[in-house]
Structures are given as structure tokens and as C-alpha cells.
Amino acid sequence: MPFWTDSALEPKRQHRWILFIKSENDLPSYVIKKVDKPTVTINETEHKFFGHSFWYPGHVTWETIDVTLVDPINPDAADKVMNAIQSAGYAIPRDRDSRTHMPATISKAKAQGWFGGLIKLQQLDPANKVIETWRLYNPWIKSAKWGTLDYSSDEMVEITLTLRYDYAQYTSGS
């Protein structure tokens with residue numbers, strides 16, 4: 001008998017969560033199909049002394065996360081993702097008149113602006129009460145994959161975003 005049969009020992013479940021992407025483009029939460037929780041890596045430094053190796057913790061690096069979206073016809077998630085990349089400063093080269101406009105460039109401030117500077121991931125219990133919250137600060141889109149098309153499949157088209165952020169904060173409960 002598993003230890004969690006007692007209702008007081010309920011484990012956290014993968015399907016009870018909400019990701020809030022607060023953007024100007026109102027990307028609805030229901031199009032978000034899957035998300036990675038944050039991962040932290042602590043680098044190490046070796047110190048050799050009299051034939052021995054001693055290890056010391058070094059810099060902390062927060063790893064990228066992947067977010068998978070379902071791409072509905074309306075609202076068009078592909079369009080919203082492209083708008084996010086363009087609002088970060090990307091411009092298609094042929095859409096510019098090189099004589100009157102300076103080349104555009106992506107900036108961190110504009111890239112994270114689409115997210116409002118913050119992404120919030122909340123995990124829920126069976127009664128939909130928030131049991132943990134992750135806040136990802138200064139997120140921006142590192143890569144976007146607009147899915148795969150296949151005549152032999154009736155699966156939904158998915159968009160996969162890889163997001164980079166500066167750091168994450170964990171809070172137990174709300």
C-alpha cells in the first residue's frame with residue numbers, strides 16, 4: 001500500500017498547475033500544455049593540494065525551461081509568439097527601408113517586456129489551493145519552434161518555447 005493513501009500525505013501531481021505569462025498580447029493559460037519547473041546548477045571549482053582534490057561550490061546558474069503551447073486558430077498562439085519576438089526588437093530585414101531606418105536589434109529590456117518582467121508558475125493541491133509558487137525573473141524567449149506538420153497525424157500543432165531567465169524564487173504555499 002503506497003504511503004500517500006492517507007489524504008494527509010497527498011503527493012504533488014504533474015497535472016495540477018497554472019503558468020501565468022502576463023503579456024500585452026494576453027496569451028491565455030489554457031493554451032499552455034506543458035512546462036518545465038526551474039532547474040539550478042551550482043558550478044564547482046577544484047583545488048588541488050598535496051595530491052588531493054578538494055571541491056568548492058561556485059557560481060549558481062538557472063537553466064532554461066521549455067514551455068509547450070497548443071496552437072489554436074483563435075487566439076493564434078503562433079502570431080502571439082511572433083509578436084513577442086518582434087516586440088523584443090527583431091525586424092525582418094526585407095521589411096526595412098535601409099535608407100530611412102537604422103537596423104533593429106533585440107534588447108533584453110524589450111525582450112522581457114513582453115512578459116512583464118515575470119513569469120509565475122503555481123502548483124495546486126486537489127482542492128485547487130496553491131501549494132507552491134515559482135517566480136521567474138527577467139524572462140525572454142531564447143528559441144521558438146512553431147511545431148511539426150504531418151499528413152499522417154491528427155495531433156494538435158504545438159509551439160515549443162525555450163525561455164531564459166535570470167533567477168527564480170520559490171515560495172511554499174501562495
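The table below gives the values:
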quantity	calculated
Residue list for region 124-164, restricted to those being loosely packed, with under 13 Cβ neighbours inside 10 Å and in contact with a helix residue (DSSP H, G or I) (Cβ under 9 Å, 6 or more places away or on another chain)	P126
Single residue of region 21-74 satisfying the filter (of a type in the set (S, T, Y) and surrounded by 14 or more Cβ atoms within 10 Å (Cβ to Cβ)) that is nearest to the chain's Cα centre (by Cα)	T64
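No value in this document is a laboratory result; all are computed from the given coordinates. Just so it is clear, the structure is predicted and the values come from calculations on it, not from any experiment. Positions of Cβ are backbone-derived with ideal geometry, glycine not excepted, and every protein chain shown enters the neighbour counts.
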